[in-house]
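Reading through the structure tokens given below for one structure.
A short reminder: the numbers here are calculations on the coordinates, not readings from a lab. Bear in mind that the values here come from a model prediction, so they are computed numbers and not experimental data. In this analysis, Cβ positions are derived from the backbone assuming ideal geometry, glycine residues included, and neighbour counts consider all displayed protein chains.
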Amino acid sequence: MTRREGLRGLNVRIVWLGAGLLASAGASAAPDPTGRWQGVADIPGAPMRVVVDIDRDGARRWVGSVILPGRGVKGAPVSDLQAGEAGLRLNLSAAFHSPAGSPAEARLYWRGDAMLAGELLQGGHVAPLMLQRVGAPQVDLPASGTSINAALEGTWVGRYELDGYPREVTMKLANRADGTAAGELVIVGRRTSTLAVDDVRQGREFIVVRASAADFRIEGRWSAGDGSIRGQMQQGPFEASLVLRKTDSSAGSKP
């Protein structure tokens, strides 16, 4: 090997070493997504405000929640949160009540350390989405509920009125293997909404039922004697009186 070839080989190794160091520096300098992010999904004719909170839990795993102010969604959990050098990928199915096999997700890429830009995908549709970091995270972590007794397991039906329109309510509750209760709410009015009940808390005389993704809540006093729950429904700033009665066919199928 000539001296020139040796120097050329040395220069090549130096170039590759320098590239490796730069790559390592870039990786270590990847932005931290922790924080509250807000922006707009540019849906044609119907722009939608989006607020996403991202943080780490006690085990240093990523956790997050999403708010859709115009859709009455508050604290819906973000699942399968992937963060990397290029950006983030978030499963938002809980916020959009997406059916299995058709997840709603956001694919976002870094634009500096305080801006994310990309797209929102839902049901075959794609909309540009841009989010800006605006403060510290305020993640709504899933609440820790309680179990319920046999008198509360099963199917309940009732109705309430909001803005002059009646809504028919069917609520199904059951205990799960983990010792907490869960279930489903079906609300039929001008349209039909199916909500996952993810937080149930039973006291001596009161019960609280929450579908957190839709910010929907029922609070009432329950009576095993006449098989009723008497109280109120709340969703955002709206509330109405509600009476639920247990059906004769209640079998308490597991959610």
Could you run the Karplus curve 6.51 cos²θ - 1.76 cosθ + 1.60 with θ = phi - 60° over the stretch 176-187 and give me ³J(HN,Hα) per residue in whole Hz, x for Gly and Pro? 9, 5, 7, x, 10, 9, 8, x, 8, 10, 10, 10
Extent along principal axes [Cα atoms of the stretch 131-199; Å; largest to smallest]: 43, 38, 14
For Arg49 and Glu205, what is the calculated FRET efficiency with R₀ set at 51 Å and r taken between the beta-carbons, to the nearest 0.05? 0.85
Using a 7 Å offset from Cα along Cα-Cβ at Ala240, what residues in the stretch 177-200 end up with backbone N under 17 Å from the label point? 185-195
Output ordering of 51-62, 170-181 (per-residue mean of other Cβ within 10 Å, highest first) is 170-181, 51-62
Tell me, what is the FRET efficiency for Thr146 and Asp32 to the nearest 0.05, using R0 = 25 angstrom and their Cβ-Cβ distance as r? 0.10
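I need the fraction of alpha carbon pairs in the stretch 39-101 separated by more than 16 Å, rounded to a whole percent.
Values: 1006 of 1953 pairs.
Value for the stretch 39-101 (Cα pairs over 16 Å): 52 percent.
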Provide the gained length on full extension for the span Glu161 to Arg230, in nm with one decimal, where the gain is 0.36 nm per separating residue minus the Cα-Cα distance. 23.4 nm
The FRET efficiency for Arg191 and Arg60, from their Cβ-Cβ distance with R0 = 51 Å and rounded to 0.05, is 0.75
What does the stretch 61-215 give for Rg and for Dmax, in Å, if only its C-alpha atoms count? 18.1, 55
